[in-house]
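Everything on this sheet refers to the single structure shown next.
The values are calculated or read from the model by the stated rules, or taken from the named source; none is laboratory data. Quick caveat, the model's predicted, so the values are computed rather than measured. Note that each Cβ is placed from the backbone with ideal geometry, even for glycine, and that neighbours are counted across all protein chains shown. To get the accessible areas, we keep the full protein, side chains included, count just its heavy atoms, and leave off ligands, DNA and RNA. Shrake-Rupley method; radii C 1.70, N 1.55, O 1.52, S 1.80 Å.
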Amino acid sequence: LATMDMIVKIASSSLSTPQIVWGRYVAQSMAIVLIIGPAGILTCIRSKIPGMHVARALFLFVANFAFMAALRYLPLTEANVVGFASPLLLTALTYPILGEKVGPGRWAAVVAGFIGVLIVMQPGTAMFQWAAMLPLTMAVCAAPGRRARQRIRARPAIVAAQCASGASSNHGPTTAHS
């Protein structure tokens, strides 16, 4: 992931965010087609839980788009530190979505982690900029996307999830600048 972040940061100097995101998903889709072949593509189409796959793909698409946009405006390290809120949100969503109990120690870690994110973001100061909200958007969207993966257990469903993720932004190249 660090290599992809660096490539996105470098590419942002000459390509728009939608172009970079499109290239990432086209490459993912091509890799999936090469790896799973025609039988895997049919599995993608025959998913028993298509709504879950579409929701997961959309959450992860927005997360990827927001983070790649963040890399255009923020230093790589700052974008990644704010992005670390994703596992915190993942833990916070454990009870309301999955009904799993979260102990006091984990809640304390979540609170401490969010305090750390706020320290890095420095809201209310001159250091805070709107672009700091982009990796936070990534974290907010990635958490439910990752939680949905836990409900997708069988191998064919995972293949379908990857296909849905790859297809979620393969709508063609764009020349719009972000």
Report summary line: Taking a ≥ b ≥ c as the square roots of the Cα gyration tensor eigenvalues, with a/c under 1.5 meaning rounded and otherwise prolate when a/b beats b/c or oblate if not, the stretch 31-74 comes out oblate
Report summary line: Env charge @ residue 21, Cβ radius under 15 Å, K,R +1 / D,E -1, value +2
Query raised in the report: Between residue 6 and residue 41, what is the spin-label point distance in nm, taking each point 7 Å from the Cα along the Cα→C-beta axis?
Result: 3.5
Query - trypsin sites (Lys or Arg not before Pro) within the stretch 1-54: DSSP coil, no more than 11 neighbouring Cβ in 10 Å - result: 46, 48
Report task. With a 1.4 Å probe and all protein chains in place, put 84, 61, 114 in order of accessible area, largest first. Result -> 84, 114, 61
**Report entry** Nearest-10 value in Å² for the accessible area of residue 147, using the 1.4 Å probe
**Finding:** 20
Report task. With a 1.4 Å probe and every protein chain kept in, tell me what percent of the accessible surface of the stretch 14-143 is carbon plus sulfur. Result -> 75
**Report entry** Solvent-accessible heavy-atom area per residue, rounded to whole Å², over the stretch 1-113 at 1.4 Å
**Finding:** 56
Query raised in the report: Local charge sum around residue 79 (other residues, Cβ-Cβ under 14 Å, Lys/Arg +1, Asp/Glu -1)?
Result: 0
Query raised in the report: Residue-wise, which Karplus ³J(HN,Hα) couplings in Hz belong to the stretch 71-88, taking 6.51 cos²θ - 1.76 cosθ + 1.60, θ = phi - 60°, and x for glycine or proline?
Result: 5, 5, 9, 10, x, 3, 5, 5, 4, 5, 5, 5, x, 5, 5, 4, x, 5
Report task. Work out the FRET efficiency for residue 106 and residue 48 from their Cβ-Cβ distance, taking R0 = 45 Å, and round it to the nearest 0.05. Result -> 0.90
Report summary line: Cα convex hull volume per residue for the stretch 1-71, in Å³, equals 94
